[in-house]
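Heads up, the thing below is written out as structure tokens.
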Amino acid sequence: MRNIQVSAVFWTLLLAVPFTVLALTMAAYTTENLSEIIYWFSETSRTSSFTGRGLLIEFSARWPELMGMVVGQIIILIIVLFAWQSGISEGKSET
């Protein structure tokens with residue numbers, strides 16, 4: 001039992017320390033270079049869209065369609081779930 005605890009602590013530290021250092025480094029990098037990151041994103045977004053508008057503007061024009069598709073899929077899954085549950089209950093009542 002003691003060996004498992006030592007192994008768990010060892011592997012936790014082995015994974016946690018490098019990822020903590022990576023997170024701190026990325027937070028510092030983002031803080032220092034935020035204006036350049038935003039400029040790069042806006043320029044890339046503007047040049048990569050077909051109309052020359054930014055991708056964020058294009059996405060904001062399309063989000064109602066996306067939400068409609070998501071809601072439709074959820075409704076279909078709920079219908080399938082209820083139909084499956086009623087099929088199970090019908091099968092149990094016959095036997």
Item to complete: Pop a pseudo-label 7 angstrom from the Cα along the beta-carbon direction at both residue 43 and residue 31 and give the gap in nm to one decimal.
Response: 2.6 nm
Worksheet, complete the sentence: the chain, Gaussian network, Cα under 10 Å: of 38, 79, 57, the residue fluctuating most is 79
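Values quoted throughout were computed directly from the atomic coordinates according to the rules given, and no laboratory measurement underlies them. These figures come from a predicted structure and were not determined experimentally. Neighbour counts are summed over all protein chains in view; Cβ atoms, including those assigned to glycine, are modelled from backbone coordinates with ideal geometry.
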